[in-house]
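**Student:** Mind having a look at this structure? Questions to follow.
The values are calculated or read from the model by the stated rules, or taken from the named source; none is laboratory data. Given the structure is predicted, the values throughout are model-derived calculations rather than measurements. Backbone-built Cβ (ideal geometry, glycine too); neighbour counts: all protein chains shown. Please note that ligands, DNA and RNA were not included when accessible areas were found on the heavy atoms of the full protein model with its side chains. Shrake-Rupley method; radii C 1.70, N 1.55, O 1.52, S 1.80 Å.
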Amino acid sequence: MILRAEKLSKRYFRRTGQANHFYAVREVCLELHPGEVTVLMGRSGSGKTTLLHMLSGLLRPDEGSVWLGDAELYRLDDGVLSRLRNARIGVVPQGRSAIDSLTVWENILLPGLLYNGNERRLEAERWMDALGIAALRDARPAELSGGELRRMAIARALTQNPEVLLADEPTGDLDDENTIRALSALRDAAHGEGKAVLLVSHEEEARRYADRIYRMDGGKLTAL
Amino acid sequence: MKASQLPIKNLMRRPGRTAAMILLSALLALSVFGGSVVVRSLQSGLNSLEARLGADIIVLPAEAESKVSFKNLLLQGTAGAYYMDASALDRVREVEGVEIAAPQTFLASLKADCCSIKVQVIGVDPESDYVVKPWIEQSYARELGDMDLVVGCLVTADVGEIMRVYDQRCHVVARLARTGTGLDTAVYCTMDTMKALLAAAEAKGVSHKITSDGRERISAIYVKVRDGYDVDAVNSKLNGHVRKATAVRTRSMITGVSDSLAGISRTIALLVGVVWVMALAILLVAFAMMIHERRREFAVLRLLGTSRRGLSRLILSETALCSLLGGLAGIAAAAAVVFPFTTLIESRLGLPYLTPHAGAVLALAAGTLAATLVIGALAGGWAAYRLSRTDPGTTLREGA
């Protein structure tokens, strides 16, 4: 097991009849294992994205803890946590995540450049090929479609060569062919390279690539 | 590509936004540098005037007050044509407390065939003069001979040139350092040369019967008061003892100038202050808008592993680049406005105006640049601080 979440909870303010807050995630325990694809399914608003952000160290939980190996993420200093995220956790967020001032190629190489200047060109070329965006190398994000941007974000996370890869609706903007490409690439990263992959998705197609499946409903996690 | 190139790429990606930031910084630098140079020039001019004047009291013919303002006498060098009998010099020297009394005689040349240029000629007595002589000695170490002229720095005559004054051939032997006053447009000679020029002027029918009666005339007496004597008391005594003359304390003339200078300095400082506050406010709003617009991009950088400190460094690098470019542009623009129009500014303000030396100007430019960078850093730092308080996860969730 690489990543472990213990009794994670996150509340948000919302004026309701009974209380002035609601639980987006409630006492969730989860483990991600090397070489496995874990698929997290659930309806919109069920807390999937909130959970993913907490697992990646981007959103501090109100309760509970997240462990990456021996390191408890939210006890780390911001500098250490950021460096750790850069080295060991790859994230594909929902929506646009490109840096507009950089080309597709530069966007993909960026994580490797932030600390050690390791551009990982070979990995970048490999994943761009695998995801069908090799021809877009010099294009600007503004010139790309939603699907192309999504595949660029996946290629960037894979090029980062992390131990844990967390992808939030990675196939949301993709057609069938590219959905298969993307899911295959993520599965290859898990099965071929031993990465722990978490796929947040509400698409049934994702089930076919899963080693474990969970469902979230009302902030609670259930294994299927 | 290197990660350090990211700020430059970000700025180049949005040229309009970048240009607006640079323009704001340039406006700030222009006002600060331009204002500082003008104020320093006025202060330098006043210092130069005080240092060069040296006299405690000036005794002028009673008629002088109606012909020229005392302030202009000092600042514009409008010495004019007013004369008193040279015996007034002896009367002045009789007054207790007068240490040195140095006479000067004024004559204006004409814009006519007889004169090379229209200029104010000031005759000084080499024996007693302590006002102009030290200043002349900085440029011309020898004694002034007959028909020798030393010209102010703004007089259009070169050293070695022959200048005609009422058809008298005079030799330009030296050029004086700039004072920032109207005296820069005057020429200086000995009293003997002045007598020859006055006679020539009278022969041309343009003077005021100042030599025809055989009595010597002078235009002003510069008095230095002996140590231990009260200048006001000596001034009163002079007014009582010397007939048909007025003794004026130079300090009172300088004070008037100094007051005007203080007023102008205050106004400029206020304007600079207003521009600073406005620029800071506008920069804060502009940076806040920029951060808001790019909050998702910054959240993505956090997601990729950029720390809060790294993000602040990125934002501050962008603001520093804008401030640096704007600061340099503003300083260059201010220099292009202030330096070529020194004479115009001087005549408009009617105050002594002496541009500081290159070292001081460079120091002002460096200070302005530093101030512009500080303002940029404050605005950028505030924006970065606000950004660091937001969870990137929350931003990504909101903007998805």
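**Student:** Once ligands and nucleic acids are excluded and a 1.4 Å probe is used, how much of B:LEU373 is accessible, expressed in Å² to the nearest 10?
**Tutor:** Counting only protein heavy atoms, B:LEU373 exposes about 60 Å² to solvent.
**Student:** Using alpha-carbon positions, what is the distance between the centroids of region A:111-146 and region B:379-395, in Å?
**Tutor:** Answer, in whole Å: 28.
**Student:** Now, a different point. To the nearest 20 Debye, how big is the dipole of chain B about its Cα centre, given +1 on the beta carbon of each Lys and Arg and -1 on that of each Asp and Glu?
**Tutor:** 2760
**Student:** Restrict the search to region A:1-99; then list the trypsin sites (Lys or Arg not before Pro) that DSSP places in a loop and that have at most 15 other Cβ atoms within 10 Å of their Cβ.
**Tutor:** Those satisfying the criteria are A:ARG14, A:ARG15, A:ARG43.
**Student:** Now a separate question. Using R₀ = 41 Å, calculate the FRET efficiency as 1/(1 + (r/R₀)^6) where r is the Cβ-Cβ separation of A:ASP78 and B:ILE264; round to 0.05.
**Tutor:** Taking R0 as 41 Å, the efficiency between A:ASP78 and B:ILE264 is 0.20.
**Student:** How high is the relative contact order of region A:65-196, in percent, with contacts defined as C-alpha pairs under 8 Å that are six or more residues apart?
**Tutor:** So the answer I get is 31 percent.
**Student:** For region B:316-377, what ratio Rg/Rh do Cα atoms give with a Kirkwood hydrodynamic radius?
**Tutor:** 1.10
**Student:** I've got another one for you. Once the Cα atoms of helix A:146-159 and of chain A are each reduced to a long axis, what angle between those two axes, in degrees from 0 to 90 to the nearest 10, is obtained?
**Tutor:** 90
**Student:** Just in region B:214-312: which trypsin sites (Lys or Arg not before Pro) are loop by DSSP and have at most 14 other Cβ atoms within 10 Å?
**Tutor:** Those satisfying the criteria are B:ARG215, B:ARG226, B:ARG243, B:LYS244.
**Student:** Post the alpha-carbon centroid distance, region A:167-224 to region B:125-171, in whole angstrom.
**Tutor:** 95
**Student:** Something else: Report, in degrees rounded to the nearest 10, the 0 to 90 angle that the Cα long axis of helix B:191-203 makes with the longest principal axis of chain B.
**Tutor:** Roughly 80 degrees, rounded to the nearest 10.
**Student:** Here is a further query. Mind listing, in residue-number order, the residues in region A:60-86 that have at least 30 Å² less accessible area with every protein chain present than in their own chain alone (1.4 Å probe)?
**Tutor:** A:ASP78, A:ARG85
**Student:** Further question on the same structure: Can you give me the C-alpha center-to-center distance between region A:1-66 and region B:310-376, rounded to a whole angstrom?
**Tutor:** A separation of 54 Å, based on Cα centres.
**Student:** Which values of log₁₀ I(q)/I(0), to two decimal places, follow from the Debye formula for the protein assembly as shown at q = 0.08, 0.09, 0.12 Å⁻¹ with a uniform point scatterer at every Cα?
**Tutor:** -0.68, -0.76, -1.13
**Student:** For chain A, what's the relative contact order in percent, using C-alpha pairs closer than 8 Å and at least 6 residues apart?
**Tutor:** 31
**Student:** Under a point spin-label approximation (7 Å from Cα along Cα-to-Cβ), what is the B:VAL374-A:ARG137 distance to one decimal in nm?
**Tutor:** 4.9
**Student:** For the protein assembly as shown, which whole percent of the accessible surface, found with a 1.4 angstrom probe, sits on carbon and sulfur atoms?
**Tutor:** 53
**Student:** Work out, step by step, the length gained on full extension between B:TYR229 and B:GLN138: first 0.36 nm times the residue separation, then minus their alpha carbon distance; give nm to one decimal.
**Tutor:** Once the chain is fully extended between B:TYR229 and B:GLN138, it gains 29.7 nm.
**Student:** A further question on this structure: If you keep only loop residues by DSSP, which GluC sites (Glu not before Pro) in region A:25-55 have at most 10 other Cβ atoms within 10 Å of their Cβ?
**Tutor:** Sites meeting the loop and neighbour criteria: none at all.
**Student:** Note down the nm distance, to one decimal, between modelled labels 7 Å out along Cα→Cβ at A:GLU31 and at A:GLU205.
**Tutor:** Modelled inter-label distance: 3.2 nm.
**Student:** Beta carbons within 10 angstrom, averaged per residue: use that to sort the peptides B:24-30, B:384-390, A:182-188, B:89-95, highest first.
**Tutor:** Peptide ranking by packing, descending: B:24-30, A:182-188, B:89-95, B:384-390.
**Student:** Turning to a different aspect of this structure: If you take the beta carbon distance between B:GLU293 and B:SER4 as r and set R0 to 22 Å, what does 1/(1 + (r/R0)^6) give as a FRET efficiency, to the nearest 0.05?
**Tutor:** 0.45
**Student:** Relative to the present Cα-Cα distance, how much length would full extension add between A:SER145 and A:GLU125 at 0.36 nm per residue of separation?
**Tutor:** Gain on extension, A:SER145 to A:GLU125, equals 5.2 nm.
**Student:** Can I ask one more? Per residue of B:382-394, how many C-beta atoms from partner chains lie within 10 Å of its own C-beta, taken as a mean?
**Tutor:** Per residue, the average neighbour count from other chains is 2.
**Student:** log₁₀ I(q)/I(0) of chain B at q = 0.07, 0.13, 0.14, 0.15 Å⁻¹, via Debye over equal Cα point scatterers, no solvent, to two decimals?
**Tutor:** Values returned for q = 0.07, 0.13, 0.14, 0.15 Å⁻¹ are -0.50, -1.02, -1.13, -1.24.
**Student:** With a probe of 1.4 Å, find how much accessible area the protein assembly as shown has per residue, and write the answer as a whole number in Å².
**Tutor:** For the protein assembly as shown, the per-residue accessible area is 44 Å².
**Student:** At 1.002 mPa s and 20 °C, plugging the Kirkwood radius over alpha-carbon pairs of region A:72-224 into Stokes-Einstein gives what diffusion coefficient in µm²/s?
**Tutor:** For the chosen part, D equals 134 µm²/s.
**Student:** Here is a follow-up. Between A:SER44 and A:ASN116, what is the label-point separation in nm under the 7 Å Cα-to-beta-carbon projection?
**Tutor:** A separation of 4.1 nm, rounded to one decimal place.
**Student:** Given springs between every Cα pair under 10 Å in a Gaussian network model of chain B, which of B:LEU325, B:LEU362, B:LEU354 has the largest fluctuation?
**Tutor:** B:LEU362
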